[in-house]
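A short write-up of the structure that comes next.
What follows draws every value from the coordinates through simple rules; no lab data is involved. As the structure is a computational prediction, the values presented were derived from the model and not from experiment. Reconstructed Cβ throughout: ideal geometry from the backbone, glycine too, with neighbour counts over all protein chains shown.
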Amino acid sequence: MDQVEISTEALTEIVQHLPDGGRKRPGQLTMTRAIAEAIRDSEHLLVQAGTGVGKTLAYLLPAVISGKQTVVATFTKALQDQMVEKDLPFLSKHLRQTANKTFSFAEVKGWSNYLCLERLHQIRSAQSQGQLDGLAEQASANEIQQISEWASTTQTGDKADLDFAPQNASWRAVSVSSEECLRSDCPHVASCFPLQARQTAATADVIVANHALYAIDLQIGGALLGGHELVIFDEAHQIEDSFSEAFGFELTAARFRWLADLARPLLGPDTRVDRVAELGKQLSQNLRD
Ligand code: SF4
């Protein structure tokens, strides 16, 4: 049997274990077959499928059967979490039973989605010396305390695993961007959560990312997701927006005003500052026209 037949047969068996008892979904089977053929023949494929087709299983199954290291990029982080918590464990369990096939999977998010142990250490040190930590000052002390307790039990350091949604200021205080990370100069590098997530993903068969992260990975030459063999974009119709956001920048009249307000105290009365504010007004007027 080739990978196309294995994929379609496995799908037919695995859907029996779904809560709806394996309701017939011909569209799902067609999609799985088309994807398995595209992978086998090293071709690109664009699929449009309606709601309820069972798209996630339809593309995950042939990707796993192919044995190629695959990145699945979802549109949102919520879909990423759902895939790792629900869809992939379901597939893993039933694929092992039906086709004796095992595979590994891991989730990768942007750096600032993970707790930074060095930031937490800095906050605790400042507190113990009665000093103020610039970022923690704007955060909720209660939330920082809860995050601090969670830090000793969490396996992932992923913000999504917290049992409450922290305010932005609180999470900003305990996380860093990739550019701010100290990497090998950090005393916590051996137990660093974002680094661990990337190390686990590097050897996983299925890496679950999102559109924005994939765009950043392209920008930095593959340093985030490594040299995978296959990529699947879920909700690919959103990709233009996701990539424009990641690669581009937003220019609004408010940004010109902000720049002028910032420059005014430094430059004093200066017609060039007024000109910047004026340009902002003109820009928004022209965009409206
Ligand atoms: S390596 Fe970077 S992200 Fe990790 S704990 Fe250190 S500073 Fe934070």
Query - Share of Cα-Cα pairs in the chain lying beyond 23 Å, as whole percent - result: 65 percent
Report summary line: Amide H contacts under 5 Å for Phe105, restricted to residues at least 5 apart in sequence or on another chain and with H modeled in the peptide plane, are Asp205, Val206
Query raised in the report: Hey, what does the equivalent ellipsoid look like for segment 1-102, semi-axes from the Cα gyration tensor as sqrt of 5 times each eigenvalue, largest first, whole Å?
Result: 18, 17, 15
Query raised in the report: If you put +1 on each Lys and Arg Cβ and -1 on each Asp and Glu Cβ, how big is the dipole of the chain around its Cα centre, in Debye rounded to 20?
Result: 180 debye
Report summary line: Percent relative contact order for the chain, counting Cα pairs under 8 Å at least six residues apart, stands at 23 percent
Query raised in the report: Which whole-number percentage describes the relative contact order of segment 174-289, with Cα contacts under 8 Å and a sequence gap of 6 or more?
Result: 19 percent
Requested in this report: Show me 60-73, 207-220 ranked by packing, highest mean number of other Cβ atoms within 10 Å first.
Outcome: 60-73, 207-220
Report task. Return Phe105, Phe75 ranked ascending by Cβ neighbour count within 10 Å, so the fewest neighbours appear first. Result -> Phe75, Phe105
Query raised in the report: Using unit Cβ charges (K, R positive; D, E negative) and no other charged atoms, how large, in debye to the nearest 20, is the dipole of segment 1-148 about its Cα centre?
Result: 280 debye
Query - Among Leu95, Leu135, Leu117, residue whose mean-square fluctuation peaks in a GNM of the chain (springs only between Cα atoms under 10 Å) - result: Leu135
Requested in this report: Round to the nearest 10 and give me the degree value, 0 to 90, for the angle of helix 193-202's Cα axis relative to the longest principal axis of the chain.
Outcome: 30 degrees
**Report entry** Principal-axis tilt of helix 141-151 within the chain, Cα atoms, nearest 10 degrees
**Finding:** 40 degrees
Query raised in the report: How are the Cα pair distances of segment 111-193 distributed, in percent, across 5 Å bins from 0?
Result: 3, 16, 29, 27, 18, 7, 0
Requested in this report: Calculate how steeply helix 55-66 sits against the longest principal axis of the alpha-carbon atoms of the chain, using the helix alpha-carbon long axis, and give the answer as 0 to 90 degrees to the nearest 10.
Outcome: 70 degrees
Query - Dipole-positive endmost among Ser104, Leu88, Ala78 within segment 65-110 (Cβ charges, Cα centre) - result: Ser104
Report summary line: One finds the C-alpha centres of segment 40-72 and segment 189-223 to be spaced, in Å, by 21 Å
Report summary line: Long-range alpha-carbon pairs in segment 36-153, meaning those over 22 Å apart, account in percent for 55 percent
Requested in this report: Quick one: compute the contact order of segment 111-193, relative version, from alpha carbon pairs under 8 angstrom and 6+ residues apart, as a percent.
Outcome: 51 percent
Report task. Restricting to the chain, compute how many DSSP beta bridges are antiparallel as a %, nearest 5. Result -> 10 percent
Query - Taking Asp261, Asp20 and counting other C-beta atoms within 10 Å, the order from fewest to most - result: Asp20, Asp261
Report summary line: Violations at 27 Å Cα threshold for listed pairs Lys24/Lys109; Lys24/Lys159; Lys55/Lys109 -> Lys24/Lys109; Lys24/Lys159
Query raised in the report: Tally Lys/Arg at +1 and Asp/Glu at -1 over every other residue whose Cβ is under 14 Å from the Cβ of Asp161; what's the total?
Result: -3
